[in-house]
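Remarks on the structure that follows.
Read the figures in this text as sums done on the coordinates, not as results from a lab. In this text, all values refer to a predicted model and were calculated from it rather than measured experimentally. A quick note on method: Cβ atoms are made from the backbone with ideal geometry, for glycine too, and the neighbour counts reach across all protein chains shown.
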């Protein structure tokens, strides 16, 4: 870390430095005068050069949000830091510094050109988010493992790479290795990779690359598969029937039920359980299917509503545009006559006519808007009614006999059967007629009738609770969706209305001021 | 010819310019001094030229036996084989019985005489031949070829069968024929191509027999039928908004609609009546010989060559008709190369009820038994009747001892059309068809040097006197001109080009070719780098439309001011029209925000103003605008003002922060100034291109110079030529040309002499001073000698060549004059 000029005090990036740099590098000549007059906002600056400033730490750059090019070369920076907010950065130069590890670049997703030349970096990593990287310079560093180059395979747009001056370059196979493992690369160490080298490299590393590719493909396939499953689940969730297309719910009933596991050892119980399960799963599947169908219906309903809404808005917009266009013609004609005339009297009358015309335009546009608001209100109310009805029907049907209630019935029925078997077993055990082996903790249950009944009852209670919870989940989700949708429609409409009214007012104001200015100008003349 | 003449002119002009005076003086002197030899040569030329007389081939008006040279025809044309004799006997026999059985019917067309006065059975005249040209494989192209290739000659008598039927060999040779000749030739070609074709002898309407198309619409003018698109019914959607309430009185609306309907009905009625009137007026006068006019045509039966339905072809016009067509009034008989059938069906209703089941002996009486019958679809009942009437047929057959008597081979040579004739098609390569209010002229490609192949003149009136529109089709032109349409009333000319024009021009509409006048040019924009689609010009403006440009420009409009007057001679290039305003429109660039994407840009050059209008955002109804004023460069204190807020007036739909900055506005203004310069340059380029196009056009026009123009000018304009005038015109033109040729010879001669004299002088000088000469001088002398010799030799060659070519040129001009459409009617009569 000791440098020749270590005696010089490290510099800090402060307001003064930045201001100076910005002013120096800002617009020149005439534009510069204008800029100076007005002052430059840091957040508008597109490129910044801070080289040979003896900077130790990157700091105070958070204001430069629209920065595209940043040069911090030839400083004594030790750590990449403080660049998180510069998300628009395309070009970053950190060459000739004292950086040891690559870090802090995760937010710079737009970066295309990165230079880390002449630093102390030993390993290339932590750059996964730089998907647009095209030019990467990391020469004169301390990279000593050739396999580290494989890391660069993920950058599909990488065309130019500079690795010269690293320990790996001493390797005889360095060139061939890099060309073979980075087939899209065009320039290596600022030289065009010729076809011959590429062929040699390909031939040499054919098999290992094949293996690598195979592995990569596998990972990719796996990833895709996972994504597909997640997408499927998302779809089910949107229909509020996730995990109902299989024995998931049933399994969850028993997952926390200790007693049931014990009771399963009793003779006859496994069979009972089996039939119970098939029936239960069947019902769940029914609910699932029904849910999907309902979801489609809701979707269609919403889609058609939005379609109609869009049509109405477009129609209204068309009318509005036409009004404005028509007005524009009249207005320009007025302006021209006013400009060309010398008679103040005449100008005055024309002016007032024009002002009248403007207010008429305002009236017409507002009428159009009010009309639309009325029309939309009716339609939206209609939609709201329908969607609430739909959700209501869905909830009713899920709760109703053929579905969730059925589950409950089934559970009750199962409970009775289980109780019966348990009591029978108890009696047998009491009479010592029970000859099958039971685990001790199970046998402990059958010490007296209360314990058995309690155990079975507890199991039953847990099951019912689970079913209830699932049902509640479904209903709350659906209802909240319903209110959210309706609210969104209402809010959107409100926003739209406000925006339009604001626009109309603004436009009319602009016209009015324009006209007034003209008046003023004429008087001056 | 024109090219040659042009050359002559060019050479002459060049020579004359140089030594016009000298030549004149010398010519006078030469007449005295010229050696006898050159005089003789000139005289020779003169003599030669004056001796030339043009032989115009005689056009026989009628095509009769006497005009045919029978000497070269092969033996089979002049004699009959025994088998043919037998056949003729059989036919005679058949004819007698037919006359006996059907006394009220006309005699049959069985064995007319051929060009060598030998009776030949009609079927043997049909010699099926497959043409070697792939273009002639289908019936439509075949029929078209026959109708183009032959000139129609009416029958000697409209209601009598012709006495002669010539072989296709003679017909093709003289390119003339009546309907029977046409039919036999076409039939032979169609059978050769595999069609089930028959010659038909029967009766047809007057128009058909005389090939009179003046009542027919020209097929080129027929509009394609409009396909009526069915409108899809829009089902009102569930949430469609209800329309705003209509506050007008329904009663009033109903009343108004009622009134409008009444008016409409009245108008329709009027129109209908007018239409009927016109129809009435255009009806042809009744034909006194209706139903008696004899005609021959071709029948193609379904079955072979995937013909789905039987139909007729009229060989004159090459049109196909349904067998029920009302133009065809009756059929006597039909034949092909194998057999002959007589129609036994009643033709009271034209050909509408006829069936063409040739295997049905009740309807079609065959001449030869045993040859294969095309159809045998007899029904049971008919069979019984058949038996009842079998006697008649047996009677016929009994005489015919040889039951399996085959049709003898055709006596006609295979049809041969030379490739040259095939290319030339019509006699002399030209064909004229008169349609209803339209005249169609066709030429063989390459016959006209300007590539003209077809011209359609549309007239206003039925008598074809006032042309309304002329359409010309071209082929194989360098500038890929395909069609030119000239509106004679509004004087607009529209040219259509095929892809490949050097400016990728597609359509060009103009009144005159003078630059900066009204015109519209459309382009193949895919072929152009700048994506120009269309350019419209008026004297004061130019509008351009673009498509598919990287800068999204779609429209540019330039307003010009009047030219500033300068004292110097200013051409359009040195003194361009001042631009007043440039308006440019752009398409939406999806990569930019609507507020940053300029939709319209107006450079008001005269005012130093720039107006910008941006694209409209998706859900807004107003658009951002910005206006820059470039004036006020200096403030009242004399300081230079770079930018003030007043110089940029903007309205923004959604006010944003950075656009308010002066720096932003200043930079934008600078950019716009640059853009303005660029736009001006592009406009200039467009103008240059325009000029280039006009030059190109002029070059094309120049190619067809009018050689008669200087002589026609002398005549009073607008009057019709008299025969005498036409003759004089021709003579004048020829004399002038002769004089030109002689002048040119004189000129070459004089130069030749001058060179020779100079050389002789030099030689003399050399011999005198040879002793005292330096080496350099000698070298110079030698080079001079070789150059002079070269010049002399070239001049000699030119003179010889001129002598050789002059008569040809003269002949060519003379022939051209005879063929000139303005003179033809006078000269033709004279010769």
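How far, in degrees from 0 to 90, does helix A:449-524 lean away from the longest principal axis of the Cα atoms of chain A, to the nearest 10? In chain A, helix A:449-524 runs at an angle near 20 degrees to the longest axis.
Decide, for region A:48-126, between rounded, prolate and oblate: order the square roots of the alpha carbon gyration tensor eigenvalues as a ≥ b ≥ c, take rounded if a/c falls under 1.5, and otherwise choose prolate if a/b is larger than b/c, else oblate. Oblate, since a/c reaches 1.5 and b/c is not below a/b. The alpha-carbon positions of region B:404-553 define a convex hull whose volume is 222 Å³ per residue. Shielding by partners for peptide B:661-667, expressed as the average number of C-beta atoms from other protein chains within 10 Å of each residue's C-beta, is 6.
Label sites at residue B:689 and residue B:265, each approximated as a point 7 angstrom past Cα along Cα to Cβ, lie 5.7 nm apart. Compared with the dominant Cα axis of chain A, that is its longest principal axis, helix A:269-340 is turned about 20°.
Using the count of nearby Cβ atoms within 10 Å as a rough guide to exposure, how do A:415, A:196 rank from fewest to most?
A:196, A:415
Taking Cα atoms only, the orientation of helix A:344-399 departs from the longest principal axis of chain A by about 10 degrees. Taken residue by residue and averaged, Cβ atoms of other chains lying within 10 Å of the Cβ of A:496-502 number 1. For region A:271-299, the residues whose amide N sits under 17 Å from a probe point set 7 Å from the Cα of residue A:477 along the beta carbon direction are A:284-299.
Work out how much length residue A:297 to residue A:225 would gain on full extension: take 0.36 nm times their residue separation and subtract the Cα-Cα distance, in nm to one decimal.
Here the answer is 23.1 nm.
Give the residues of region A:272-312 whose amide nitrogen is closer than 18 Å to a point set 7 Å from the Cα of residue A:371 in the direction of its Cβ. A:309-312, by backbone N distance to the label point.
Length gained on full extension, residue B:420 to residue B:237: 59.0 nm, using 0.36 nm per residue less the C-alpha separation. The calculated FRET efficiency for the pair residue B:86 and residue B:215, based on their C-beta separation and a Förster distance of 51 Å, comes to about 0.60. An oblate overall shape is assigned to the protein assembly as shown, the ratio a/c of its alpha-carbon gyration tensor axes (a ≥ b ≥ c) being 1.5 or greater and a/b not exceeding b/c.
Legend: calculated FRET efficiency, residue A:335 to residue B:674, from the Cβ-Cβ distance at R0 = 30 Å, rounded to 0.05, equals 0.60.
Site pair residue B:309 and residue A:234 shows an inter-label distance of 6.0 nm when each label is modelled 7 Å from Cα along Cα→Cβ. Take every Cα pair under 8 Å whose residues are at least 6 apart in sequence, average their separation, divide by the length of chain A, and the relative contact order is 8 percent.
The ranking of B:513, B:647 from fewest to most other beta carbons within 10 Å of each one's beta carbon is B:513, B:647. Spacing of the modelled spin labels on residue A:517 and residue A:419, each 7 Å from Cα toward Cβ, amounts to 8.7 nm. For the residues of A:283-292, the average number of beta carbons from a partner chain within 10 Å of their own beta carbon is 0.
Packing-wise, with mean Cβ within 10 Å as the measure, how do B:238-249, B:465-476, B:157-168 rank, highest first?
Output ranking for B:238-249, B:465-476, B:157-168: B:157-168, B:465-476, B:238-249.
Divide by every residue of chain A the summed helix terms, -39500 (n - 2.57) for each DSSP H run of at least 4, and state the resulting mean residue ellipticity at 222 nm, rounded to the nearest 500 deg cm²/dmol. Helices in chain A give a 222 nm mean residue ellipticity of -22000 deg cm²/dmol. As a length-normalised measure over Cα pairs under 8 Å and 6 or more apart, the relative contact order of region A:5-128 settles at 19 percent.
The relative contact order of region A:128-193, computed from alpha carbon pairs under 8 Å that lie at least 6 residues apart in sequence, is 36 percent.
If you sort the three axes of the alpha carbon gyration tensor as a ≥ b ≥ c, you get a/c of 1.5 or more for region A:438-517 and a/b above b/c, which makes it prolate.
Counted over chain A, the DSSP beta bridges are approximately 10% antiparallel.
Taking other Cβ atoms within 10 Å as a rough exposure proxy, B:648, B:409 sort from fewest to most as B:409, B:648.
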